[in-house]
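In what follows, a single structure is set out as C-alpha cells and then discussed.
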Amino acid sequence: MNCPACGHTLSAHEVGGITVDVCKGGCGGIWFDSHELNRVDEASESADDGLLDVPRDPAVRFDHTARRYCPHCPDIVMMRHYFSVRREVEVDCCPSCGGYFLDHGELAAIRAQFVTEELRREAARAAFAELFDPQLAAEAAVSAERRERSRAFARMLRVLLPSYWLPGKQPWGAY
Ligand SMILES: [Zn+2]
Ligand SMILES: [Zn+2]
C-alpha cells in the first residue's frame, strides 16, 4: 500500500491493539484503516508517542493541495475535513472505506488541542453529537453508513487520546 500524499510504501506499526500504516522514511504520515479501527476493544487502548513523530525523510516534498486518492480504494478521492472543534487540523477521510490519513505532525497538533479538560469535553461532545443526540438518532436521514463512520471516528479518537477514555471520565456515561 502506498502513501496517498507522497507515494512512498507504507509500513505496519502496532499501536493500542491495532496496526496502522505509517509512511516511515517518506513524508511521515499515518493511515488508519477503518477495519483496523473496528477491531479495537474498549480495554485495549494505549498511548504510543512513536506515532507523534514518525521518522521521515526531510527531503520528501509533495503538493499539500493536490487531490489524494485512498490507498485502499482505486479511484476514490479522499475528502478533507476538520478533525477538531477548533477547526485547525484537517484530515483526509475516504468516503468509501472510512479510513483516515493524517499528515506528519497532525496527530501531535490534534493532541495539543486537548490539553485542557474543557477542550477535551468540547471535542468529545462534537464527535459524539451524532451518536448521542437523541433528536439526531431519531432522524431517518442519519444513515447506517454515516453512523458506522461516526463510530470509526470515535474509535480513532479513543486510540489517539487514550487518557480521555479512563473509565468514568466520560460526561455521557459508559460507552
Ligand atoms: Zn508519505
Ligand atoms: Zn478507501
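The values are calculated or read from the model by the stated rules, or taken from the named source; none is laboratory data. Quantities reported herein were computed from a predicted structural model and do not represent experimental measurements. In this analysis, Cβ positions are derived from the backbone assuming ideal geometry, glycine residues included, and neighbour counts consider all displayed protein chains.
Structure above, values below:
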quantity: Candidate set: the stretch 36-51, residues that are touching a His at 6+ places or on another chain (Cβ under 9 Å) and not in a loop (DSSP other than H, G, I, E, B); chosen: the one modelled with the highest pLDDT; calculated: L51
quantity: Some residue of the stretch 10-18 being under 13 Å from C70 (Cα atoms), within 9 Å of ligand 1 (Cβ to nearest atom) and either surrounded by fewer than 13 Cβ atoms within 10 Å (Cβ to Cβ) or modelled with pLDDT of 85 or more (or both); calculated: yes
quantity: Scope the stretch 11-35; condition part of a loop (DSSP other than H, G, I, E, B), closer than 15 Å to G50 by Cβ and within 16 Å of ligand 2 (Cβ to nearest atom); matching residues; calculated: G29
